[in-house]
Every structure is written in structure tokens, then in C-alpha cells.
Amino acid sequence: MERFQDKVILITGGGSGLGKATALQVAKEGAILSLVDLNEQGLEETKKEILEIVPNAKIALIKANVANEEEVKAYVQETINQFGKIDGFFNNAGIEGKQNLTEDFGSDEFEKVVDINLNGVFYGMKHVLKVMKEQGSGSIVNTASVGGIRGVGNQSGYAASKHGVVGLTRNSGIEYGQYGVSIKAIAPGAILTPMVEGSLKQMGGENWEEAGKEFVSVNPMKRFGKPEEVGYLVAFLLSDHAGFINAAVVPIDGGQSYK
Ligand code: NAD
């Protein structure tokens with residue numbers, strides 16, 4: 001039997017990068033999908049790619065802003081209306097934000113990044129946990145970052161938000177383990193998604209691939225991670241195979257966070 005047969009998996013940021021790679025992976029293993037993103041075109045693209053591989057996949061696409069609690073409530077309710085339950089939740093949508101020294105870091109920018117990356121993850125957990133507690137089962141994977149477990153510099157908003165995601169994961173994992181619900185976070189290093197490509201283009205312009213080599217030279221493996229490598233990990237963490245992993249943060253960074 002396929003690992004995600006009859007399982008409903010809800011993914012935010014499903015229109016690009018890590019969310020899309022995870023959607024493709026769990027769909028290949030039989031999942032029913034509810035994909036959330038602000039970017040409708042990205043969602044349609046993910047659906048198209050899945051249907052090319054799994055022609056009979058069931059996929060709901062929901063446009064929502066994860067930083068707006070009413071829209072979060074609505075995407076959770078819409079998933080329940082369509083599929084009746086939520087077995088796995090990849091709480092992943094996020095932005096990188098601008099880089100700057102702390103004293104020059106715009107307060108508006110700080111609030112914007114925290115609003116999406118931290119408040120958005122909190123709202124998602126809050127409303128999905130009500131469903132999972134009632135079900136007596138479920139797995140949540142929050143997307144933190146290497147920047148959520150160590151300092152990287154010039155990223156006050158991002159660092160605060162991702163350290164916050166780690167805190168939420170540990171706190172709620174301890175609360176909900178008793179209800180059969182496990183909560184974990186991943187801490188990716190540099191993974192070559194559209195988000196990272198965008199920052200490299202800002203840094204290096206046309207020579208962005210050179211800027212990329214410089215960027216990964218700090219990594220023990222001297223390369224970017226691939227989105228599908230994250231997809232394999234998140235699929236495992238969402239599956240029943242990872243049911244006893246709880247309140248844990250799993251790095252996927254080529255060793256960068258231990259250097
Ligand atoms: P990405 O830009 O490719 O994908 C992010 C998706 O989230 C996009 O489709 C975007 O439209 C969506 N999104 C952004 N703000 C949203 C909002 N307010 N509401 C709904 N959707 C929204 O980026 P990615 O690299 O796949 O990033 C996914 C997550 O992984 C983010 O939380 C990011 O911080 C984290 N992360 C990425 C890396 C990396 O190297 N790529 C490293 C560490 C952590």
C-alpha cells in the first residue's frame with residue numbers, strides 16, 4: 001500500500017520551492033492534497049506537474065494569505081469541507097525579506113517578515129491542531145531554517161521569525177503529543193528554490209550562478225540542497241513512519257549548522 005493512500009495533506013507555500021517539491025513527493029505516494037498559496041499561478045503550475053505524473057490525483061487549490069488569521073481559518077475549513085480531515089500539515093509558506101544590519105533594519109520590514117513567517121505558522125498550527133486533536137491523530141511539519149537555530153547575520157526579521165518557529169514547535173509538540181499528534185520542524189540550509197535564486201540575482205545580477213558558488217562555499221558539502229531532497233524528508237516526517245518524532249527540529253543543510 002502506498003504510504004499516503006487516503007491521507008489528506010495540507011501544504012502552505014504549495015505554489016513554489018519546498019512546498020511544491022513536497023506536494024509532488026506525497027502525491028506520488030498517493031496523497032490527497034490541499035495546496036495553499038498567495039500565488040494562484042504557482043498553485044496551478046504545481047497541480048499541472050502533479051497531474052502529469054499522477055493523473056487521478058485529488059487536489060484542492062486555495063488562495064490565501066497565511067498572515068491573515070481569517071484566511072487561515074478559511075483554508076483549514078475549506079480543506080475539511082472538501083476532504084473531511086487533515087492527516088498531515090506542511091506549515092511552510094514564508095519569505096526571506098531584505099538583508100541589513102540590525103541598526104538599519106526597517107521596522108516595517110521586520111514586522112512584515114515576522115507576520116508571514118511566524119504569525120502565519122502560529123495561525124496555521126492553532127487552527128489545524130483543533131482538527132487533529134479531535135481526530136486523535138496527525139503530523140505537523142513547520143518550516144524553520146538554519147537561521148532559526150544559529151546566527152547568520154543581516155537577517156533580524158528572518159532570524160527572529162525562524163527562531164520563533166522552533167519555539168512554537170517545541171512548545172506545542174509537548175502539549176499535543178498526548179493526543180496522538182506530533183509536531184516537528186525542519187531547518188533547511190541553502191536549497192536552490194525560486195526564493196534563493198531571487199536573492200542570488202539581487203546579489204550577483206547576471207553572474208548570479210557565480211554568486212551562488214560563493215554562497216555555498218561555506219557549506220561542508222559545497223553545494224545547494226535540492227528541493228526534492230527536502231521533499232523526501234518532509235514526506236517522511238508527515239508519514240506514520242515518523243509518528244514518534246515530536247517537538248524535534250531536523251536540519252537539512254549539508255552540515256552547515258554544525259560547522
Ligand atoms: P519560495 O519562494 O520558492 O516558495 C515560498 C512560497 O510561499 C511561494 O509560492 C509564495 O507565494 C508563498 N508565500 C509567501 N508568502 C505567503 C503568504 N503570506 N501567504 C501564502 N503564501 C505565501 O521559497 P522556498 O525556498 O520554497 O521557501 C519555503 C520555506 O522554506 C520558507 O518558509 C523559507 O523561509 C524556508 N526556507 C527556505 C530555504 C531555502 O534555502 N530555500 C532555507 C531555509 C528555509
Practice task
Please find, among Val165, Val152, Val196, the residue that is touching a residue at least 12 places away in the same chain (Cβ under 8 Å), in the same structural domain as Phe90 (by TED's automatic domain parsing) and of a type in the set (A, V, I, L, M).
Solution key: Val165
Handout entry: Listing of helices (runs of 4 or more DSSP H) fully contained in the range 71-184 that carry 2 or more residues being polar (S, T, N, Q)
Key = 156-176
Exercise for the section: Look at Glu197 and say whether it is among the acidic types (Asp, Glu) and surrounded by 13 or more Cβ atoms within 10 Å (Cβ to Cβ). Expected result: yes
Fill in the blank from the handout: Apart from one, (1) in contact with a helix residue (DSSP H, G or I) (Cβ under 6 Å, 6 or more places away or on another chain); (2) within 15 Å of the ligand (Cβ to nearest atom); (3) hydrophobic (A, V, I, L, M, F, W, C) all hold for Leu38; the odd one out is (1)
Completion exercise
Residue pairs qualifying under the 6 Å Cβ cut-off, at least six apart or on distinct chains, with the first in the range 232-259 being over 13 Å from Thr143 (Cα atoms) and the second being of a type in the set (Phe, Trp, Tyr) and surrounded by fewer than 19 Cβ atoms within 10 Å (Cβ to Cβ), are Ala242/Phe236
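The values are calculated or read from the model by the stated rules, or taken from the named source; none is laboratory data. All values reported here derive from a predicted model rather than from experimental measurement. Quick reminder, even Gly has a Cβ in these numbers, built from the backbone with ideal geometry, and neighbours come from all protein chains shown.
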